Amino acid sequence: MSTRITPVAAAEVPRLEDKTIQPIPANERHGKARDLFTIWFGSNIMIMTIVTGGLATTVFGLNFVPAIVGIIIGNVVGGIFMALHSAQGPQLGVAQMIQTRGQFGSYGALLIVVIVVIMYVGFFAANLVFGGEAMAAVNPGISVDAGIIIIGVVSVVATIFGYRLIHAYARILSVVAGVALLLAFAWILVVQGLPASFLDQGNFNWVGFMGTISVSALWQLAYAPYVSDYSRYMPQGTGSAPAFWASYSGCVLGTLFPMVLGALVGTLAATMSNDAGNVEIVGSLGAFLQPWTMIVIGIFCLGVAASNAMNLYCGVLCSLTIGQTFKPNWLPHAKTRSVAAIILFTLAVLIALFARDNFILFYTNFLSFLMYVLVPWTAINLVDYYLLRHGDYRVEDFFKRDGGVYGRFNWVAIGSYIAGALIQVPFSATAVYTGPLAAAMGGVDISWIVGLVVVAPLYYFAARVFRKKSDAAPFQAPAFATELI
């Protein structure tokens, strides 16, 4: 009598993933909603999250309390959009950028996919720099460059193995990195204690407060173009609501506490140096954690490798999506993913090695750029999925050269996207450019809020007016696709 291995049982073994951008068949679906909590919780507890939180009390110069309020608001609000994208994965079973063809058309989606590949490479490079600096800080025998290479290699290996190994890695980190985070807070707050002048350090300013909200919200929004890549293997019956809440709670909690730690370290370091602008978060954290520095920061570096594996994995999927656009019958597998991973890894390492000096300035401007290009896309995608099509797409048409019912170009979506990017310009405030309306508000940047408020209704009404009858949904969406509406 033979024993058949079920998809669920097979899913427990992290093995080389064969699929890339092709739809995931029903008999290969596995996992539960709780897996989405651990992958987003574990992968966010890392050095770059801490450094990003530290921007509030260093670069933005805020007091600790308004810094924390800004971090909370940004993550709580931004996490909503991130999790709404995650809930699409179990329903459609394809990577997020493949699904974007349903809004922009087969060729129109290339605009977004190329931008997203740039984003992944940029985040990969940033993670390498901060992780390399952290490794060098805790182990003088390792140079920053060597740390960059080590973390990069670990990330490539996880990317080559793919979906299952990345999920398994994050499950372990959820426990290990969570304990390390608790230890860091306990050691700094209870053992070392806070100076009497702690709450007096910094000041409240609207520019810094809105900047903190924006950076925190963007952290969540930056996952939107690939969050459903990690839910696409879930059984379709997983349901939108469980997928939403597992992703939301995991990502918000996994991001919020490391960012608070970064703001705490930034305030403490500025109190001691009286120069918040020149505080170095990684080095200061290492100094405050003695004698636990090597253990705690070493664990946070493992988180860097996990996050980078996720960035690289999805960057590879997007790169393959670009190729498949021009060769519809091409459905790449593990070998192609491995080659693409090595190419993107090499590019990111070169950027990290050559741009690591004064990298914090590059990183801050990079985040601003991402906000302007991601906000219009996320508004269009979510409006289309939840309000116009109710989760009902012809997945097979995503892989056709002519886009099937979605066409090569959806000019309504493309026009709305361009309008959304342009409408943000007058409200933007960066080191490179400050728009007239932002200048009139004293440098406060509300561009991403304006982008969301304008693009969502613009696309909704334009799509309803101009949609062709042949593009209409053929049947009513399943109930679980509309649970969140």
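The values are calculated or read from the model by the stated rules, or taken from the named source; none is laboratory data. Since the structure is predicted, the reported quantities are computational estimates derived from the model, not experimental observations. Note that each Cβ is placed from the backbone with ideal geometry, even for glycine, and that neighbours are counted across all protein chains shown.
Might you check whether a residue that is in contact (Cβ under 8 Å) with a residue 24 or more places away in the chain, touching a Pro at 6+ places or on another chain (Cβ under 7 Å) and more than 19 Å from residue 60 (Cα to Cα) occurs anywhere in the stretch 247-261?
no
State the number of residues belonging to the stretch 442-455 that are touching a residue at least 40 places away in the same chain (Cβ under 8 Å) and surrounded by fewer than 22 Cβ atoms within 10 Å (Cβ to Cβ).
The number of residues fulfilling the criteria is 5.
So how many residues does the stretch 54-74 have that are farther than 12 Å from residue 204 by Cα, buried (at least 24 other Cβ atoms within 10 Å of the Cβ) and either of a type in the set (A, V, I, L, M) or in contact with a Ser or Thr (Cβ under 8 Å, 6 or more places away or on another chain) (or both)?
3
Suppose we keep only residues that are closer than 16 Å to residue 163 by Cβ and out of contact with any Leu (no Cβ under 8 Å at 6 or more places or on another chain) within the stretch 232-255. Which one would you say is surrounded by the fewest Cβ atoms within 10 Å (Cβ to Cβ)?
Among those that are closer than 16 Å to residue 163 by Cβ and out of contact with any Leu (no Cβ under 8 Å at 6 or more places or on another chain), it is 235.
Taking the residues in the stretch 85-133 that are under 15 Å from the mean Cα position of the chain (by Cα) and hydroxyl-bearing (Ser, Thr, Tyr) as candidates, determine which candidate is surrounded by the most Cβ atoms within 10 Å (Cβ to Cβ).
Within the stretch 85-133, the match that is surrounded by the most Cβ atoms within 10 Å (Cβ to Cβ) is 86.
Across the stretch 330-382, what is the total count of residues that are of a type in the set (Phe, Trp, Tyr), under 30 Å from residue 16 (Cα atoms) and modelled with pLDDT under 90?
Result for the stretch 330-382: 1.
Taking the conditions exactly as written (surrounded by 20 or more Cβ atoms within 10 Å (Cβ to Cβ), over 24 Å from the mean Cα position of the chain (by Cα) and closer than 23 Å to residue 106 by Cα), does residue 417 satisfy them or not?
No; evaluated as a whole, the condition is false for this residue.
Need the failing condition index for residue 137 against (1) modelled with pLDDT of 90 or more; (2) farther than 30 Å from residue 380 by Cα, just the number.
Of everything listed in (1) modelled with pLDDT of 90 or more; (2) farther than 30 Å from residue 380 by Cα, residue 137 misses just condition (1).
Quick one: would you say residue 428 is polar (S, T, N, Q) and at pLDDT 95 or above?
No.
From (1) within 17 Å of residue 131 (Cα to Cα); (2) modelled with pLDDT of 90 or more; (3) surrounded by fewer than 23 Cβ atoms within 10 Å (Cβ to Cβ), pick out the condition that doesn't hold for residue 323.
Evaluating residue 323 over (1) within 17 Å of residue 131 (Cα to Cα); (2) modelled with pLDDT of 90 or more; (3) surrounded by fewer than 23 Cβ atoms within 10 Å (Cβ to Cβ) leaves (1) as the failure.
If the Cβ limit is 6 Å and pairs must be 6+ apart or interchain, which residue in the stretch 343-371 that is farther than 10 Å from residue 126 by Cβ and of a type in the set (Gly, Ala, Ser) pairs with which residue that is surrounded by 13 or more Cβ atoms within 10 Å (Cβ to Cβ) and modelled with pLDDT of 75 or more?
From the stretch 343-371, the pairs are 368/430.
Being farther than 17 Å from residue 367 by Cα and charged (D, E, K, R) is the filter here, so list the residues in the stretch 405-463 that pass it.
Selection gives 408 alone.
Out of all the residues in the stretch 196-247, which are more than 30 Å from residue 114 (Cα to Cα) and either part of a helix (DSSP H, G or I) or of a type in the set (D, E, K, R) (or both)?
Matches in the stretch 196-247: 198, 199, 200, 206, 207, 208, 209, 237, 238, 241, 242.
Filter the stretch 175-188 for residues that are surrounded by 17 or more Cβ atoms within 10 Å (Cβ to Cβ) and either among the aliphatic types (A, V, I, L, M) or outside any helix (DSSP H, G or I) (or both) and give the result.
Once the filter is applied, which keeps residues that are surrounded by 17 or more Cβ atoms within 10 Å (Cβ to Cβ) and either among the aliphatic types (A, V, I, L, M) or outside any helix (DSSP H, G or I) (or both), the stretch 175-188 yields 177, 180, 181, 184, 188.
Answer yes or no as to whether residue 172 is in a helix (DSSP H, G or I), surrounded by 20 or more Cβ atoms within 10 Å (Cβ to Cβ), modelled with pLDDT of 90 or more and of a type in the set (Val, Ile, Thr).
No.
Starting from the stretch 293-312, take each residue that is surrounded by 24 or more Cβ atoms within 10 Å (Cβ to Cβ) and of a type in the set (Ser, Thr, Tyr) and list its partners that are modelled with pLDDT of 90 or more and not in a helix (DSSP H, G or I), counting only C-beta distances under 6 angstrom and pairs at least six apart or across chains.
307/46
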